[in-house]
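The values are calculated or read from the model by the stated rules, or taken from the named source; none is laboratory data. Everything quoted here is computed from the prediction, not taken from an experiment. Please note: Cβ atoms are built from the backbone with ideal geometry, for glycine as well, and neighbour counts cover all protein chains shown.
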């Protein structure tokens with residue numbers, strides 16, 4: 001197959017720092033042929049770097065669909081815009097690389113799934129943690145029985161969001177500081193960790209969560225603690241803290257306990273997984289960091305040419321999103337909430353209002 005003719009909607013930080021570097025590595029497989037951004041001047045600056053003519057730059061994605069012959073669209077816009085633009089791409093029968101989450105609400109995600117069934121284009125959700133080599137190595141080691149039968153896990157994630165807001169980071173974006181969607185940074189960021197856990201351990205039976213309320217716009221809760229029971233019997237604890245960083249080293253990270261040993265991953269970019277055993281012996285398993293974006297775009301290309309299936313489908317991402325809202329619902333009701341069951345899917349209903 002010739003190169004994928006790619007149109008890009010949203011030319012901000014996620015495009016510049018995450019997708020574009022990966023696409024440069026895949027320049028034999030992708031060709032960026034059109035750009036779209038509400039701020040056309042910003043897109044024009046990028047077009048000059050890509051040697052794209054001005055008539056390939058748009059501030060209206062529908063106009064881009066009409067005028068350009070696109071094989072696929074790479075969609076990188078703020079969360080509140082995900083559903084409307086993704087729906088427009090699918091209705092135009094164009095293959096889609098969609099960002100997580102599918103939508104800002106469960107209702108939107110359900111509508112997008114239904115729309116995708118009517119327009120069965122190729123659609124991949126760019127959940128980079130599911131494509132991360134460290135996460136996949138953890139999954140592989142556990143499946144190989146390196147620590148025996150898995151009993152439980154602990155995962156801790158902490159970030160000083162207010163401090164990050166002052167830097168040239170994703171947290172500095174206005175729409176993240178004052179989000180127009182439930183959960184704030186928990187939906188935006190913690191969904192990655194939940195996706196990783198689901199990728200490692202599989203379907204989730206139920207969650208029970210508690211949250212410490214705060215009055216900050218970026219998150220309704222200072223910290224969220226969640227007990228998770230997976231369908232395979234593994235149980236564990238996930239904590240997401242948005243008001244500070246760990247000061248002790250090594251970090252809590254991800255710790256998985258089995259009847260024959262323990263697995264430890266300090267953080268995503270550490271590049272090494274530690275295995276330890278009751279007899280005092282240890283192992284280190286190294287992996288390449290920062291390859292999630294490359295791997296997801298390679299998977300999409302291979303799916304386009306019929307070499308493999310999409311790894312992260314809209315249905316998989318729907319489950320990740322549902323788990324976020326189930327955790328928020330559990331906090332609100334102070335009750336366990338079923339996640340990956342037929343009944344739970346039928347009873348999604350209205351999005352949780354925080």
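The sole residue among 327, 316, 331 that is closer than 28 Å to residue 206 by Cβ, within 13 Å of the chain's Cα centre (by Cα) and in contact (Cβ under 8 Å) with a residue 60 or more places away in the chain is 316.
For the range 230-239, the set of residues classified as crowded, with 18+ Cβ neighbours inside 10 Å and either closer than 24 Å to residue 173 by Cβ or without any contact (Cβ under 8 Å) to a residue 40 or more places away in the chain (or both) consists of 230 only. Each residue in the range 265-282 was checked for being buried (at least 17 other Cβ atoms within 10 Å of the Cβ), outside any loop (DSSP other than H, G, I, E, B), at pLDDT 95 or above and under 22 Å from the mean Cα position of the chain (by Cα), and 3 of them qualify.
Residues checked against (1) touching a helix residue (DSSP H, G or I) at 6+ places or on another chain (Cβ under 6 Å); (2) in contact (Cβ under 8 Å) with a residue 12 or more places away in the chain:
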{"position": "219", "(1), (2)": "yes, yes"}
{"position": "241", "(1), (2)": "no, yes"}
{"position": "245", "(1), (2)": "no, yes"}
{"position": "248", "(1), (2)": "no, no"}
{"position": "252", "(1), (2)": "no, yes"}
{"position": "255", "(1), (2)": "no, yes"}
{"position": "279", "(1), (2)": "no, no"}
{"position": "300", "(1), (2)": "no, yes"}
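Taking the criterion of being surrounded by fewer than 16 Cβ atoms within 10 Å (Cβ to Cβ) and in a strand (DSSP E or B), the residues of the range 192-221 that qualify are 210, 212, 213. Of all the numbered requirements in (1) surrounded by fewer than 19 Cβ atoms within 10 Å (Cβ to Cβ); (2) part of a loop (DSSP other than H, G, I, E, B); (3) modelled with pLDDT of 95 or more, residue 180 misses one, and that requirement is (3).
Entry remark, the range 152-174: residues being under 17 Å from residue 267 (Cβ atoms) and without any contact (Cβ under 8 Å) to a residue 12 or more places away in the chain number 2 in total. In summary, helices (runs of 4 or more DSSP H) completely within the range 1-99 and bearing 2 or more residues that are in the same structural domain as residue 306 (by TED's automatic domain parsing) and within 17 Å of residue 297 (Cα to Cα) occur at 20-25.
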